[in-house]
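Trainee: The structure under discussion is supplied below as structure tokens; questions concerning it will follow.
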Amino acid sequence: MTTVTLTEFRSHASGMLSRVELGETLLVLRHGRPIAEVTPVASQRNGQPSWKKSGLRLATKGGGLAAAILAERNHESVS
């Protein structure tokens, strides 16, 4: 566990959160007292940052997704 001051955390938040994504735990201090413990989410402890994981892909059988959405909208407006 790494200890950092609140000022240091605010100044370098992006880099510190990247370290947390990689599995590190941070203890944030204000005036020498612990105020927060920043830990990785349990499902993210595999060492791979979330931005490197593949995204969700939506698809429908047959026509494209946009065509299916437009058809549904037309169907709802007629009813």
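Trainee: For residues that are β-branched (Val, Ile, Thr) and surrounded by fewer than 14 Cβ atoms within 10 Å (Cβ to Cβ), tally how many sit in the range 13-28. First the steps, then the outcome.
Mentor: As a first pass, look at the range 13-28 and keep what is β-branched (Val, Ile, Thr): 20, 25, 28.
Right, trim to surrounded by fewer than 14 Cβ atoms within 10 Å (Cβ to Cβ) and you get 25.
Counting residues in the range 13-28 that are β-branched (Val, Ile, Thr) and surrounded by fewer than 14 Cβ atoms within 10 Å (Cβ to Cβ) gives 1.
Trainee: State which residue is modelled with the highest pLDDT when the search covers only the range 61-76 and only residues that are surrounded by 10 or more Cβ atoms within 10 Å (Cβ to Cβ) and not in a helix (DSSP H, G or I).
Mentor: My answer is Gly64.
The values are calculated or read from the model by the stated rules, or taken from the named source; none is laboratory data. Predicted model only: the values in this text are computed from it and were never measured. Cβ: placed from backbone, ideal geometry, glycine included. Neighbour counts: every protein chain shown.
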